[in-house]
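Take a look at the structure below.
The values are calculated or read from the model by the stated rules, or taken from the named source; none is laboratory data. Please read these numbers as outputs of a predicted model, since none were measured by experiment. Neighbour counts are summed over all protein chains in view; Cβ atoms, including those assigned to glycine, are modelled from backbone coordinates with ideal geometry. The area values use the complete protein model at the heavy-atom level, side chains included, leaving out ligands, DNA and RNA. Shrake-Rupley method; radii C 1.70, N 1.55, O 1.52, S 1.80 Å.
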Amino acid sequence: MVRATRSRPARPVSIALRLTLWYALSAFSLIVVATGLLYWVLVNSMYQEDIRDLADNLNNAQLLLPPSPTAEFEGPPEQRPSWAPPHQPEIYLRVLDAGAHTLTETPGMAQQLPPPTPAELATISTLEGTKRDIVSSSSKPFLSLIVRIPGKSAGQSSRFMQVAMDREHDEYLLARYRERLWLVLAGSLVLCSLGGYLIARRGMRPIEDIGRTAAHIRATTLHERIGTDGLPAELSSLADTFNEMLDRLEQSFRHASQFSDDVAHELRTPINNLRGEIEVALGKSRSREEYREVLESCLEECARVSRVIQTLLFLARSDTAIGILQYEKIEINGELRTVQSYYEAAAAEVGVELSVLPGDAIHAELDRTMFQQAVGNLISNALAHTPSGGAVRLAARAKQSSITVSVDDTGCGIPAEHLPRVFERFYRVDQVRRSSAHNVGLGLAVVKSIADRHGGHVEINSDVGHGTEVRLILPASDQSP
Ligand SMILES: Nc1ncnc2c1ncn2[C@@H]1O[C@H](COP(=O)(O)OP(=O)(O)OP(=O)(O)O)[C@@H](O)[C@H]1O
Ligand SMILES: [Mg+2]
């Protein structure tokens, strides 16, 4: 059997690894720069020190130099000429005449450093002389300084004095220092990487905690939250945002399960009623008239179920914004009068005066059917809660960016504690009426959904015993979505 293999995407480099690398690299670079600088300072100061030493030796020798030295620097210190430098094995001294002939020199100097050529001496015109690094015939590093000593009297020619210093010891010290430096650098590279890793792990721990909590959250553990104690400021705000998202999710989830409970309840009641009525009817033989009554009652229940299902479908479509609104230019006051005419008979039946307050023509682009449905739901609520002799008034006002349509009644009103929930699906203030055959508790939810879909919103004011006003606020034509 041939099995298709899918190549796994390359694992991205973790933040902890990146942080470790960055930290180690920057800390190590700093150490390299610092040690390099210190090494350079050390090399330079040793060199300067050597030059100073040479110059001192040269000055001393010059002061003591007899007019025409011939003796060599041989023998024990007490027998050596007074102008010879103090006995220092690494210092060599040589005196030359203008023709580059050696007049005198420290023993062994000729083997290490051959005398300069006349051409070289010719370039030394100043009294400051020249200094140069020379490698001796035995490959030793030397620092040499040659100065010109002008003749004392008019006929006397210039002489030259060369001082040289064996820098082997310096080189040796520097080489030892470099060896130790490499060890220090290798050690600090290891320490920087380790330090970077520990710092990165410590910094990433709160993020890992957040990830673990997030991975743990299921429908049944939606109440869990990320602990924000001890989190750094940036992560604390991230955790807060995450917790707020969980709050919203939990609330939506609660609403969704409440909604499905309510749907089940609302559909079960009429279906149980239907079943009960049919069972009773079939329990014994009945007259034609009795069967007719049962069937009529069943038809009423069926109509209720079908209405609930249709409304739920409408709301579900609104939630997912399925179905495009049929926008058309309508005149709001004219529409209100049309809807009023639909409800006139019902208003007359309950003895309530239903009127549209006069106003200028207001034009808006809305979905006519939905607008009529929203206003109709508000009128039907108002009529249902206004006692005989009361009044229901419809009015429309236009502002620059919005149009407000209000339905105002002189009915029983809604207690303040219910107001925030009346737009929820299946929410009814009067629990006794929950079982009412006509009220499902979806009317205001539909009104809200219609307002939302037009880019508007709904507001409600109510005073118990005095009446209720519901305002449908819709965007003006040029603001319509
Ligand atoms: N004008 C009003 N005066 C007093 N109470 C009202 C008014 N309008 C709505 N209510 C209260 O708000 C609740 C929710 O209203 P909604 O229109 O959503 O549902 P319903 O009228 O009970 O049922 P449905 O409209 O689905 O047939 C109503 O049960 C009622 O108690
Ligand atoms: Mg209603």
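Checked against (1) free of Cβ contacts under 8 Å to residues at least 12 places away in the same chain; (2) closer than 28 Å to R18 by Cα; (3) open to solvent by 40 Å² or more (accessible area, probe 1.4 Å), G187 passes all but a single condition, namely (3).
Return a yes/no flag: does segment 159-170 have any residue that is farther than 15 Å from I91 by Cα and surrounded by fewer than 15 Cβ atoms within 10 Å (Cβ to Cβ). Steps first, answer last, please.
Going through segment 159-170, the residues farther than 15 Å from I91 by Cα turn out to be 159-160.
Now narrow it down to the ones that are surrounded by fewer than 15 Cβ atoms within 10 Å (Cβ to Cβ): none.
No; the residues of segment 159-170 include none that is farther than 15 Å from I91 by Cα and surrounded by fewer than 15 Cβ atoms within 10 Å (Cβ to Cβ).
Looking at E78, E128, which one is at pLDDT below 80, of a type outside the set (V, I, T) and either surrounded by 15 or more Cβ atoms within 10 Å (Cβ to Cβ) or part of a loop (DSSP other than H, G, I, E, B) (or both)?
On the way: E78 fails: either surrounded by 15 or more Cβ atoms within 10 Å (Cβ to Cβ) or part of a loop (DSSP other than H, G, I, E, B) (or both).
Matching residue, one of E78, E128: E128.
With R176, R225, R201 as the choices, which residue is assigned to a loop (DSSP other than H, G, I, E, B) and at pLDDT 85 or above? Talk me through it step by step, then tell me what you get.
Details: R176 fails: assigned to a loop (DSSP other than H, G, I, E, B); R201 fails: assigned to a loop (DSSP other than H, G, I, E, B).
Sole residue among the options that is assigned to a loop (DSSP other than H, G, I, E, B) and at pLDDT 85 or above: R225.
Total residues in segment 18-31 satisfying the condition of being of a type outside the set (F, W, Y) and exposed (fewer than 14 other Cβ atoms within 10 Å of the Cβ): the figure is 4. For segment 272-330, filtered to residues that are touching a Lys or Arg at 6+ places or on another chain (Cβ under 7 Å) and of a type in the set (A, V, I, L, M), the residue that is surrounded by the fewest Cβ atoms within 10 Å (Cβ to Cβ) is L315.
Residues in segment 237-257 that are of a type in the set (D, E) and open to solvent by less than 90 Å² (accessible area, probe 1.4 Å): D240, D247, E250.
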